[in-house]
Amino acid sequence: MKELHPKVGLSKLCELFGKTRQAYYETTWRVEEGLMEEMLLIEEVIKIRKTLPRVGGIKLLNMLQEVVVEHRIKIGRDAFFELLSNNNLLIRPKKRYTRTTDSNHIFHKWSNLIEGFIPTAPEQLWVSDITYLETLEGFIYLFLITDAYSKKIMGFYLGQSLAAKGCLIALDQAVKRRQYNSNQLIHHSDRG
């Protein structure tokens, strides 16, 4: 308010708001002190991030405890995270992604024979897919061949790698389980 009305005395402005001059100065000092504390914490975070760029917020707060105690800064976890967020210092977690299909390979890419095709009986169309499952030891891969009409799993294999042998074992199992031996059977693998 003092900036908006420079000719009006501070005592008069404080009186209008029902505050004392002391309360005004304490508030001003508190705000300035809080900004200084925030700047100090931000500088310390930037220093740490130069050597440890992906360290998380909780660990950062623990690493800053010596500075917090030394400067008598009172800040909790949520306020610290808000400070990091307001200054674009939060680290976004990396997405964990396992690649199971490589469509950019040098092998021949077969045309899509099932576009618009709707099976009317079992063993006209098999679809295969590979999915991965996370375990304590890492990933395992499940190779599946499913009949598109009956939804029956015709062949499967669970392996520790994406080697082609897993697909071949599942396909061999599916061929042995055939019951109808129809002349036309499309095996669609989505180029996987």
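The values are calculated or read from the model by the stated rules, or taken from the named source; none is laboratory data. All of these numbers come straight from a predicted model, not from anything done at the bench. Virtual Cβ from ideal backbone geometry, glycine too; neighbours counted across all protein chains shown. These area figures cover heavy atoms from the full protein model, side chains too; ligands, DNA and RNA do not enter into them. Shrake-Rupley method; radii C 1.70, N 1.55, O 1.52, S 1.80 Å.
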### Task
Could you tell me which of the residues 128, 150, 189 is surrounded by fewer than 15 Cβ atoms within 10 Å (Cβ to Cβ) and of a type in the set (Ser, Thr, Tyr)?
150
### Task
Could you list all residues from region 141-188 that are among the basic types (Lys, Arg), under 15 Å from residue 121 (Cα atoms) and under 35 Å from the mean Cα position of the chain (by Cα)?
151, 152
### Task
Taking residue 149 as meeting all but one of (1) modelled with pLDDT of 90 or more; (2) within 24 Å of residue 105 (Cα to Cα); (3) not polar (S, T, N, Q), write down the number of the exception.
(2)
### Message
Need pairs with beta-carbon distance below 7 Å; first residue surrounded by 11 or more Cβ atoms within 10 Å (Cβ to Cβ) and within region 71-86, second modelled with pLDDT under 90 and not in a helix (DSSP H, G or I); sequence gap 6+ or separate chains.
### Response
84/90
### Message
Looking only at region 146-184, filter to residues that are touching a residue at least 40 places away in the same chain (Cβ under 8 Å) and of a type in the set (S, T, N, Q); which one of those is nearest to residue 117 (Cα to Cα)?
### Response
184
## Note on the structure
Pairing a residue in region 120-142 that is acidic (Asp, Glu) with any residue that is part of a strand (DSSP E or B) and open to solvent by 40 Å² or more (accessible area, probe 1.4 Å), where Cβ atoms lie under 6 Å and the two sit 6 or more apart in sequence or on different chains, gives 129/144
### Query
Can you find a residue in region 17-37 that is modelled with pLDDT under 75, in contact with a helix residue (DSSP H, G or I) (Cβ under 7 Å, 6 or more places away or on another chain), open to solvent by 100 Å² or more (accessible area, probe 1.4 Å) and farther than 28 Å from residue 91 by Cβ?
yes
### Message
Checking residue 171 against (1) open to solvent by less than 80 Å² (accessible area, probe 1.4 Å); (2) closer than 30 Å to residue 55 by Cβ, only one condition comes out false. Which one?
### Response
(2)
